[in-house]
Amino acid sequence: MSESAERYVGEILVRRGALPAGRLDDLLRSVTEKNVRLLELLEATREVQPEQVTKALAEEVGIPFVDQIKHGDVPAQMIDTVPITFARQHKLLALGYLDPSRPDTGPVRVAVSNPLDPTPLDDLRALLGRPILPVAATSEAIEDAINRVYERKDETALTEGKEEAVSEELQDLIDMTDEAPVIRWVNNLFYTAAQRRASDIHIEPSDKEVVVRYRIDGNLQVAKTAHKGFLNSIVSRVKIEAGLNIAEKRLPQDGRITKRIQGRLIDVRVSTIPTSKGESIVMRLLDKEKVLLDLEDLGYSGAPLACIHHLVTRPNGILLVTGPTGSGKTTTLYAALSKINTPDLKILTAEDPVEYELRGIGQLHVQPKIGLTFASALRAFLRQDPDVIMVGEIRDHETAEIAIHASLTGHLVLSTLHTNDAAGAITRMVEMEVEHYLITSSLLGAIAQRLVRRLCPRCKQPYQPTDQDFRQLGVDRARLKQILAHPGTQPWPGMPHEYEIAAAQVSAAADPSAPDASFPDLSDELEPVEAEPTQIRDFRDLAPPRLGPSAAHATGPAWGARGASIEPGTIFYRGVGCEECGGTGYRGRIAIAEILILDDAVRREVLNRSDANQIARVAIARGMRTLREDGARVVAHGMTSLEEVLAATQAGEVD
């Protein structure tokens, strides 16, 4: 669209109250710079809620807006007539006949995401041969409905009957894979996984069926099933796309697929293994075009954020990020690199594999099979005159030795280790036969990190924690109050207002006979700040009506007059489950961490060959916050639940 057309759309949104007038010019400049449409930019940044945008456009053209689409009411004739590629490309869905009793005549109701674009409706009118009656819905609602509606037909085909498929070994696998339902069913796996933010797809055979599970926010969830007779068809289809040998069923195989889903380039790493019930497939999805998270988006703020920024801007030394697999170590290193990635620095990375493409950074994929290991990559890097080096993982003495040599010769080295806590990074390097004096000379610090699921802002509910809750957390009320009082621990301005809302709801729940009173809308008081945009956005989603009825008259130790300070740590939250979070009560993840800095006191302990527990005790006395204590902080701030922190950390980490 032309610049004038984009401005016309923006003026509609301003006139209808969906977009602040002062933001239009800035957004239009971004549209021109990034060569995208205004609606696409608003959808990507979530600066305006999609419902507001779609409602404003629907009001402008005079068509109704629908909050949700009942995909179960879409007739089968519509699925057969309208190609799924056409529906997805134009983000529209034929919902059915205006008069279901007379399907041969009358107009067809069609949901559209952009009411200002008449071209797809003209094409659909020609395709169906009858009048079109458009209604407006958000693109998310339409995409979800398309996915479910067209999946329904393939699910029926792959789930029902076909008992003769038990003898599938006698059939031609290529012919079976070419069956359209299987192709669509497999393609739908990728589409649904991307839509639901899944990191992995698991295809697992059982006795009578094939089970598909998605890993979302670190947890596996059953997504769909198919008849066991279609296992070979599904496996063969995936193997063909990944360039694997479909005839080899006795050995594990690895491959990769590149998919473009909703305009995004997705790199899929495929792994197959033979099991007693058939071949099992796991596919890891890596979004090559995904915008990298900032450290703030991961949950770092205040003093910890400043500490990491200080470490990654040092001219030389080693910074280690530790934790088990899946704890976000590489993501944290990427976020740290993005902070220092400037034209005056040469940054090289050695990774296995390269997960995300970083502009302006040289990234190398190590391949041990051909002799390209982390150690050999490090040696080559030192001849490339880099300023900063990132090593995917320090696994052995050779890699550790070269990393230390690089840090001592004027390079900043970032890497990861598999240890449970920050102090364990030191003992792990000792186990790799690194001399203690080299550790104290080169190591700047270690960050132990875990990922916990973030509570869904739409359905989380407050409650008053008990003494048992604090005992489980391993942090008493006095210590939690001390942590929250530390400078920089408040995740966003206006946080006490949310405590007021929560305290009112808790008090109202304790006194059901008291009359309900809605709490005033606080959205105008919560202007975003640059320091912590993600947390601000999450709080803005947590509008008072979604929290439930609040009692302005409520009394209690955690309640005061409007604007009064609510004592931090008196309210915790738990997830309830809603449609937006898929009934889990969680949406997204956030990091908790402990940061060990090698100051003089810690260095003395290392040189004295102290164990990890003694090093940790000294670091805690010097101000280090443990994983459990940092978890207590995010629990008290309403970002995660007590159960998530307990599951992600060990009791020993408190001691």
Pseudo-spin-label distance Ala21 to Ala601, built 7 Å along Cα→Cβ, given in nm, is 5.8
Going by average Cβ neighbours within 10 Å, how do the peptides 418-431, 631-644 rank, with the highest at the top?
-> 631-644, 418-431
1/(1 + (r/R0)^6) with r = Cβ-Cβ of Arg477 and Glu40, R0 = 51 Å, i.e. FRET efficiency to nearest 0.05, evaluates to 0.60
Whole-Hz Karplus ³J(HN,Hα) for region 32-41, in order, using 6.51 cos²θ - 1.76 cosθ + 1.60 and θ = phi - 60°, x for Gly and Pro?
-> 5, 5, 8, 6, 10, 7, 4, 5, 5, 5
Once amide H atoms are built 1.01 Å from N in the peptide plane, which residues 5 or more positions from Gln363, or in another chain, come under 5 Å H to H?
-> Thr349
Would you mind checking which residues have amide H under 5 Å from Gly577's amide H? H placed 1.01 Å from N; only 5 or more apart, or other chain.
-> Gly585
Within 10 Å, count the other beta carbons around each residue, average over each peptide in 55-61, 76-82, 330-336, and list them highest first.
-> 330-336, 55-61, 76-82
For region 420-429, 3J(HN,Hα) per residue [Karplus equation, 6.51 cos²θ - 1.76 cosθ + 1.60, θ = phi - 60°, Hz, x = Gly/Pro] = 7, 9, 5, 5, x, 5, 5, 5, 5, 5
Using 7 Å Cα-to-Cβ label points, what is the Ala621/Gln367 separation (nm, one decimal)?
-> 5.2
Karplus 3J(HN,Hα) series, Hz, for region 78-95 with 6.51 cos²θ - 1.76 cosθ + 1.60 (x for Gly, Pro) | 5, 5, 6, 7, 9, x, 5, 5, 5, 5, 6, 4, 9, 6, 9, 8, 6, 7
If amide H atoms are modeled at 1.01 Å from N in the peptide plane, then the residues at a separation of 5 or more from Val210, or on another chain, having amide H under 5 Å from its own are Ala226, His227, Lys228
Packing rank of 192-201, 217-226, where each peptide gets the mean count of other beta carbons within 10 Å, highest leading = 192-201, 217-226
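Would you kindly state how much longer the chain becomes between Arg130 and Asp385 on full extension, computed as 0.36 nm times their sequence separation minus their alpha carbon distance, in nm to one decimal?
Numbers: separation 255, 0.36 × 255 = 91.80 nm, distance 6.80 nm.
Between Arg130 and Asp385, full extension yields an extra 85.0 nm.
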Could you calculate the contour length gain from Ser271 to Gln614, that is, 0.36 nm times the residue separation minus the distance between their Cα atoms, to one decimal place in nm?
-> 119.3 nm
Nearest-0.05 FRET efficiency for Thr85 and Asn219 at R0 = 41 Å, using Cβ-Cβ distance, is 0.80
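How high is the relative contact order of region 330-385, in percent, with contacts defined as C-alpha pairs under 8 Å that are six or more residues apart? List each step's numbers first, then the result.
Details: 45 pairs, mean separation 14.9, N = 56.
Dividing the mean separation by the residue count of region 330-385 yields 27 percent.
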Portion, in percent, of the accessible area of region 1-76 that falls on carbon or sulfur, probe 1.4 Å = 47
So Arg256 and Asp469, fully extended at 0.36 nm per residue minus their Cα-Cα distance, gain in nm 72.1 nm
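The values are calculated or read from the model by the stated rules, or taken from the named source; none is laboratory data. The shown structure was predicted, so the numbers you read here are calculated from the model rather than taken from an experiment. Because the Cβ atoms are built from the backbone with ideal geometry, glycine has one as well, and the counts that use them run over all protein chains shown. Heavy atoms of the whole protein, side chains included, go into the accessibility calculation; ligands, DNA and RNA do not. Shrake-Rupley method; radii C 1.70, N 1.55, O 1.52, S 1.80 Å.
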